[in-house]
Structures are given as structure tokens and as C-alpha cells.
Amino acid sequence: MPVEIDDSNEKFAAYAHPERLVTTAWLEDHVGSDGLVVVESDEDVLLYEVGHIPGAVKVDWHTELNDPVQRDYIDGAAFARLMARKGIERTDTVVIYGDKNNWWAAYALWVFTLFGHEDVRLLDGGRDAWFAEGRPVTTEKPEPRRTSYPVVERDDTAIRAFKDDVLVHLGNPLIDVRSPEEYSGERTTAPAYPEEGALRAGHIPSARNVPWGMAVAEDGTFKPVVDLEGVYREGAGLSDGDDIVAYCRIGERSSHTWFVLTHLLGFENVRNYDGSWTEWGSAVRVPIATGDQPGDIPSA
Amino acid sequence: MTDQTLPPVLAEISEEFLALGEQDRLQLLLEFSRELPALPARLEEHPELLERVAECQSPVFIVAEVEDGAVHLHATAPEQAPTTRGFASILVQGLDGLTPEQVLETPNDVAHRLGLARAISPLRLAGMSGMLARIKRQVAARTS
């Protein structure tokens, strides 16, 4: 049973899909409601153990959402087992929050969406907002009642892009959400430092650089819609009807941008290229541009 | 390279980890993260003396000092980054007080001898190796 939406916030009301966000105050009021499961998903695998929202379950991107062998996400059967273990029903409202301004929370939300879990929302401001406001936290781990979650096959067609899709996509808007240094290809590492995970530096030709953090206000919550329009429509030149692909290094920061473009600004065709730079920057014979300009697409 | 032996304290820490099941290893790492000592006041007041470990996504800073033939390590990382703190704490406990030679001879694959490869992403383990590499470089620079 889904839970009512958070309609308490004026900023949310202006977004294309306000039902995708909840405030910390709303969540504190609704924690423990039937049909609501709160999920913490962090970059740091131990952060949940330090303290979390009472009743929240942990979903770890690395050990639980990724396939342990192949570079891919888990399949429908594994997702169903995961949901059953976490006490999540197919019709439940899932509110996800996490560290780093919800990078990993947005990543988890995107993966839930690959499996078509309908009602999945983010906590605006993430873990930091909850803790900064002094709301209740605990180290006690809930023991959720096992549910029976149906096996639903992952749909990779609508919101996920693979390398070959990106090659075909060239000429349509591409958003590189990494830092300007990663985008330009400037190497910041020196010899004897560990490798960065890609053999070449730079960006996909024609990609515009819009670091993911441009969507976040100073207090860690999402910027109001008017500011987001400024960043993505005026700034990056996106317009209604565009077919957009976003990427970063491994697809986590670009999930955050995917969330903003899809749910806050209402773009209907946005895909996250999760192979991202760690694939593109090591692939043979794919075009790469360096420097701070998008660069030209090589003619075929 | 795996036949290289770890210095005694690191060897004990590694055995302690490997004796546990995977979930308990994370719990042990969390305990280490709580044991990372605070910076002494003189370093607290001079953060420029510490080097940032760029391989870690969290802001972690370290300094390796050499005094009377012994290495002394200090590190700081945010409370909100317990994994990184845990790794820093293991290195501080495992290397502090050793001679510069012992530190320089410490195998580079310490991070891979804790049995955490499945629970922790490769990038995080690379972060720990980055910390060790920087410690060694600082020690080398301060003893040459």
C-alpha cells in the first residue's frame, strides 16, 4: 500500500513530479507507517552502522545491487530475494536516503526503477539533513518481516544506456556530470599513485559538462525548479522532447542527474550510461575529446 | 609478492580479520574506525602539515613523522566516513613506532590481506593502498 505524498512543501510543488521527494519533517511523521519502507544507501559501507533513521534498512550498492561476478546489476530473481529480505512489498512506498547528497541513494532509486518498483522517493537533503536537524537516529538494526516480492525482469531499455547506444546517440544531448578536471582530461595524479580506473582521460565528444552538484543548494537539498531550469535548459541547452544521456565515472553521480532531469524537470527520455568513463575511457577506438570544450563528433 | 611478511602488529590485525566471517569483518573495521586517535593539538593547528590522500573520495589527511629512528603517524578523516577512518586507524596502529626501514618494507597489498575484497568496493581498497603509498613516500623523503 503506497503512502500519501508529501504535499507540504512549496518547492516540491513546482517540480514535474513532486511525489518523488519527501522532506525530513514528513519522514519523521511517517516513519513506521504501514506500506512505507525507509532505505539507507551510502557510498561508505559502514555508515549505516554508525547510526541511521529508526526502522531504516540498509541496501549496499556494491554487495547487494551489483552482480558479484559480471559488471552488471543483479537480475530479477536476485532483486526479488533482496526485497523479500529487506521487508519490501511490490506496492510499498520506498523512501531512500544516503550520504554525499544522495548520490548513492539516487543510484539505488534508479536501480529500483530498472525493476519497475513504482513508488520510490528520495529524502530531500539526504542523510546529512536528517542528522544536522537532530532528528532521531539509532544503531539498532530492524528485523523486517520477510515479504514475498515477485520476480520482475530488469528493463534496461528505457532508462539505461550501453556503450553502443551512446555511439548511436551521438548528436543528441549528452551530459557529463563529472568535475571539470575529469571532463577536460587534465591528469591530477602523479606517477606511483594508484590508477584511476580508465586508460584515457577526457570526455565523450559533444558532451556538455554539468557537474552533478549544480543541482544541489548549499544546504544539500535540491535547488528550486527555477534554478534547475537555469542550469539545464539555459546553461546546457536542453529542451523539451530531447533524448538525453547522462554519464559520470561509474554511473552513480549521473543517477543523481538522471533523477533531477526525469523527476524534477520532467524530461521524458533520459538514460543513464552506467558504464560511464570507466568503460568509455578504456574502450578501443571510441572517440574522445579533451579540453574544456564539448568538441566535435567525428564523421562516420 | 604475497610471501612478503607484514610487520608484527599488522600481521596480528590481518589474522584477526581473517579469523572472522565477512559481516563480522565489517564490524571489526567499524571498531577500528572508532579507535583512530584525534590529532595532537600542534597538528590540529597546522593542517597544512598533513597530506591529503587524493585516492580516497572522503577527505582524509595523513602525516608520517620520523623522530629518533621511529615513524609516528597521524591521520584524520570525517566521522561520516567510517570505512576510510577504519583503514587509517589500521595503518596508524600497525605502523606507528616502527623503524623507517620496516615501514618502507611493508608489503603494498596490506589492504588485500584483510579479507574485505567482497564487502568493500575496489576503489575503497585502492584508497587504503593510496594511504600506504603516501606514508611510505613521506617516510622516504624524511629519511633520505
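The values are calculated or read from the model by the stated rules, or taken from the named source; none is laboratory data. A quick note: this is a predicted structure, and the numbers were derived from the prediction, not measured. FYI the Cβ positions are ideal-geometry reconstructions off the backbone, even for glycines, and counts take in every protein chain you see.
Structure summary
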quantity	calculated
B:Ser33 vs. criteria within 13 Å of another protein chain (Cβ to nearest Cβ), among the hydroxyl-bearing types (Ser, Thr, Tyr), buried (at least 18 other Cβ atoms within 10 Å of the Cβ) and over 24 Å from B:Arg142 (Cβ atoms)	yes
Residue within the stretch B:117-129 that is out of contact with any helix residue (DSSP H, G or I) (no Cβ under 6 Å at 6 or more places or on another chain), modelled with pLDDT under 95, buried (at least 20 other Cβ atoms within 10 Å of the Cβ) and not charged (D, E, K, R) present	yes
Residues satisfying the stated conditions in the stretch A:245-300, i.e. within 21 Å of A:Glu229 (Cβ to Cβ) and in a loop (DSSP other than H, G, I, E, B)	A:Leu265, A:Gly266, A:Phe267, A:Glu268, A:Pro294
Looking only at the stretch A:214-259, and only at residues there that are at pLDDT below 95 and farther than 24 Å from A:Ala132 by Cβ, the one that is farthest from the chain's Cα centre (by Cα)	A:Arg249
Residue count, the stretch B:108-128 (criterion: of a type in the set (D, E, K, R) and within 10 Å of chain A (Cβ to nearest Cβ))	2
Filter result for the condition that a residue is of a type in the set (Gly, Ala, Ser) and either in contact with a helix residue (DSSP H, G or I) (Cβ under 9 Å, 6 or more places away or on another chain) or modelled with pLDDT under 95 (or both), over A:Gly126, A:Gly134	A:Gly126
Hey, A:Ala201 surrounded by 19 or more Cβ atoms within 10 Å (Cβ to Cβ), more than 26 Å from A:Asn9 (Cβ to Cβ), among the hydrophobic types (A, V, I, L, M, F, W, C) and not assigned by the TED database to the domain that holds A:Ile175 or not	no
Residue identified as closer than 29 Å to A:Asp99 by Cα and surrounded by 12 or more Cβ atoms within 10 Å (Cβ to Cβ) among B:Gln57, B:Gln102, B:Gln23	B:Gln57
A:Pro68 vs. criteria in contact with a Lys or Arg (Cβ under 9 Å, 6 or more places away or on another chain), farther than 26 Å from A:Thr257 by Cβ and in a loop (DSSP other than H, G, I, E, B)	yes
Extreme residue, modelled with the highest pLDDT, among residues of the stretch B:79-107 that are within 11 Å of chain A (Cβ to nearest Cβ) and assigned to a loop (DSSP other than H, G, I, E, B)	B:Ala81
Extreme residue, surrounded by the most Cβ atoms within 10 Å (Cβ to Cβ), among residues of the stretch A:1-42 that are charged (D, E, K, R) and not in a loop (DSSP other than H, G, I, E, B)	A:Glu40
Count - residues of the stretch B:2-22 that are in contact (Cβ under 8 Å) with a residue 60 or more places away in the chain and either in contact with a strand residue (DSSP E or B) (Cβ under 9 Å, 6 or more places away or on another chain) or part of a helix (DSSP H, G or I) (or both)	7
